[in-house]
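Every number in this text was worked out from the coordinates using simple rules, so none of it is lab data. Computed from a predicted structure; not experimentally measured. Note that each Cβ is placed from the backbone with ideal geometry, even for glycine, and that neighbours are counted across all protein chains shown.
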C-alpha cells in the first residue's frame, strides 16, 4: 500500500474534434512527467472536446485511444484516467477509462448526462458507480455534470479520492470551484477536478480552474489557473487517516440506497 499517491493533473486547450492532435499533445505532456507519478488525470472527452457529434467521433472500446492510454500507462508505470466517446451495442457513451500500469482497465459511463446541452439525446447514461482499488487507495472517478449531484458521490465506501474529469464552461466556473471544495469536505476525501481551457466548436469558453482539495477543503493547487498547465500533486494517506480518526464525521452519515 502506498502512503503517498503522486498525481499529475493535465489542464489542456483541447483541439475540437481532433483526436490525433489531442493524443499527440497529451503524449508530449505525459512523457515529460517525473518518474515518480502514480496517477495521470486527463479532462472529459479529452480527444475531442465536449461534442455531440458521436456518430463521427465514437470509437469502439478497444480502439485507438484506449490502446494509446495503455501505452502511456506502461511508459510511465502509472495509472491514467479520462473520458472518451465510445460506441457499444448501438449506443454512445461518455466513458471514463481507468487504466492500470499493466494495461488492464475499469470503465465508468457518465451517469448524469448534461440535458442543457442535450447530451442525454446522444449518449446513454451509465448506471453503476465505479470504485477503483489502486496501490491501496480507493478511488471514485466521476465525470463533469456528476459534480452537481452529491447523493451519487456520497462516500459510503470510505473511498480516499474523488475525481471529476470535466469540460466545465467558464460562465459557471464559480459553481465548479464551490462544488469541488464541498465534495471534499462532506465526503472527508481528497477531491480532484481536472477541467479544460480554450473554446470549443460550439462557441463555449472554458477557463480551467483545475484543482485538488484535501479532506478539510484546503486547496493543494494554485487557485483559478486559466491557462494550460500540468501540476504534480502528492496526496498523503496518513494525513487522510489521521484527520478521519480525529473528526469522525463519516460515522454519522445517513444510510440510503439509490434506485
- [ ] Evaluate the relative contact order of the chain (contact order divided by residue number), counting alpha-carbon pairs under 8 angstrom at least 6 apart; express in whole percent.
- [x] 20
Task: Cα-based helix-to-principal-axis angle, 173-187 vs the chain, degrees rounded to 10 - done: 40
TODO: Starting from the Cα gyration tensor of the stretch 71-165, take the square roots of the eigenvalues, sort them a ≥ b ≥ c, and report rounded, prolate or oblate (rounded when a/c is under 1.5, otherwise prolate if a/b is larger than b/c, else oblate).
DONE: oblate
TODO: Using Cα centres only, tell me the gap between the stretch 69-104 and the stretch 14-44 in whole Å.
DONE: 12
Task: Between helix 64-76 and the chain: long-axis angle, C-alpha atoms, 0 to 90°, nearest 10 - done: 50
Task: Prolate/oblate/rounded call for the chain, Cα gyration tensor, a/c under 1.5 rounded - done: rounded
Open item on the list: Between 0 and 90 degrees, rounded to the nearest ten: what's the tilt of helix 19-31 against the longest Cα principal axis of the chain?
Closed with: 40
Task: Most mobile listed residue (161, 75, 96) in the chain, GNM with C-alpha springs under 10 Å - done: 75
Open item on the list: Rounded to the nearest 5, what % of DSSP beta bridges with both residues in the chain are antiparallel?
Closed with: 65
Open item on the list: How much length would be gained if the chain were fully extended between residue 90 and residue 28, taking 0.36 nm per residue of separation minus their Cα-Cα distance, in nm to one decimal?
Closed with: 18.9 nm
Task: Within the stretch 84-108: backbone nitrogen closer than 17 Å to the residue 138 label point (7 Å, Cα to C-beta) - done: none
Task: Whether the stretch 190-248 is rounded, prolate or oblate, judged on the alpha carbon gyration tensor where a/c under 1.5 counts as rounded - done: prolate
Open item on the list: Between the stretch 184-259 and the stretch 113-181, how far is it from one alpha carbon centroid to the other, in angstrom?
Closed with: 11
